[in-house]
Each structure stands twice: as C-alpha cells, then as structure tokens.
Amino acid sequence: MSAGGILFNVTESALLSLGYMGIFYLMTLDSLMVPLGSEAIMTLAGVLAFQGKFDFWLVVIVALLASMIGSTLSWMIGKYGGRKFLERYGKYVLIREKEIIRGDVFFTRHGEAAVMFGRVIPLVRTYVSLPAGVAVMPYRKFFVFTLIGSAAFVLILMTLGYELSAQITSLLASEHLYTLIGAGIVVLGLIAAIVVGLSRRRAAHE
C-alpha cells in the first residue's frame, strides 16, 4: 500500500474512532500551527458524510468552531508572545521556522486581507494567524476575516469529498462503467499489439 493509502486509512480510522471530537481536536491543532493536513481531514469528512457516518452540516459547524479557536490562540501567541516565543518553543510541537517565515511573507505582502485569503491556501492557513497577532491586527477584524476564510475552506473541501463520493458511487452503479472498462482493455490491447509489432520489425531489420 502506498504512503497516501496508509495516511488515508489512518485518518479514516481516527475520525471514525473519535467522531466529531476527533474533527474538533485535529482542526483546532491545525489552526494552532500544528500542520496535520486539514485538507485531507475535511475532504475525508465529506466522504464519510456521504456514507452516512457523519452529518454534513454538523461537521461544518464543528470544524469551523475548531478553526476559530485554534486561529484565535495563534493570534494571541503572536500578539503576546511574538515570534521569539514560537521560535523558542515551536520545535516541541513540530513548528518549523520556514513555515513561520512563509506565513510572515504572505501576511506582509497582502496585508490584513491575507488572514481571509490565507485560510484557503494549504500550509499558509496554518500559520497566517501568528503574524496577524504580531502585527496587532484588531481582533474584531481578525475574527471576521478568519471566519469568512475558514467557512470557505471547510465548505469547499467538505463538498468536494461529498460530491466525489457521489460521482464514484454513481459510476460504479452504472452499466456504462463496464463499457468503459471494456473499451480501455481494447485500447490497451491495440497499443500492446502495435508496440510488439514495431519491436519485431526493428529486430528483423537489425
């Protein structure tokens, strides 16, 4: 099994075992600058929602609440502790300096709006709250921007996982699937025949 497949199975098992609290913990930590792959978590949650193992909107609410709590804590660390605090203690929770720098650069380049747009960009979303705190961005504005960006992120990935599952299920239930498989086998057979024929012709000329 590939590394991606193993990660998928581990994440699925964790979500099913811990339920909504698992989603809450994982999304809180991810927004608290502990990179856990929230993209995979939310997409998988969408898949499980389609399968009836989670309620779609309850997952959205839980994930959004967790994102807001984690982001607020990151903002507070930035405001009251600064970068020096994170550089000194971040290594104990797998926070590396290059990720911190990435968040700083993104925030400096795009200003306060980076808090909203950064919430939908992988890796950047995990760290963008810290420089907002360091810059002492007003919390009310930070809250609104973070809420908008986090809601977009959660809804997009939940819907993606849900719709992909629906399409795959529909395809598997369709008789056209077998037609596609048959056509694929024929095409592969033709390609193999052509390759073998060309190889034999080249060998004969040699």
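The values are calculated or read from the model by the stated rules, or taken from the named source; none is laboratory data. Just so it is clear, the structure is predicted and the values come from calculations on it, not from any experiment. So basically every Cβ, Gly included, is an ideal-geometry build from the backbone, and we count neighbours across all protein chains shown.
Within the stretch 60-92, being at pLDDT 70 or above and hydroxyl-bearing (S, T, Y) holds for S67, S71, T72, S74, Y80. Just one residue in the set G4, G37, G52 is at pLDDT below 85 and over 29 Å from M116 (Cβ atoms); that residue is G4. Of all residues in the stretch 141-159, those satisfying the criterion of being crowded, with 18+ Cβ neighbours inside 10 Å and more than 17 Å from V62 (Cα to Cα) are F142, F145.
To keep it simple, each residue is scored yes or no on (1) within 24 Å of A132 (Cβ to Cβ); (2) touching a residue at least 60 places away in the same chain (Cβ under 8 Å); (3) part of a helix (DSSP H, G or I).
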residue: L18; (1), (2), (3): no, no, yes
residue: M21; (1), (2), (3): no, no, yes
residue: L26; (1), (2), (3): yes, no, yes
residue: D30; (1), (2), (3): yes, yes, yes
residue: V34; (1), (2), (3): yes, yes, no
residue: M42; (1), (2), (3): yes, yes, yes
residue: A49; (1), (2), (3): no, yes, yes
residue: K53; (1), (2), (3): no, no, no
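Results for (1) closer than 21 Å to A66 by Cβ; (2) crowded, with 18+ Cβ neighbours inside 10 Å; (3) modelled with pLDDT under 90; (4) out of contact with any Pro (no Cβ under 7 Å at 6 or more places or on another chain), shown as yes or no for each residue.
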| residue | (1), (2), (3), (4) |
| --- | --- |
| F106 | no, yes, yes, yes |
| F117 | yes, no, yes, yes |
| S129 | yes, yes, yes, yes |
| G133 | yes, yes, yes, yes |
| Y139 | yes, no, no, yes |
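If you go through the stretch 55-66 and pick out every residue that is in a helix (DSSP H, G or I) and not aliphatic (A, V, I, L, M), you end up with 2.
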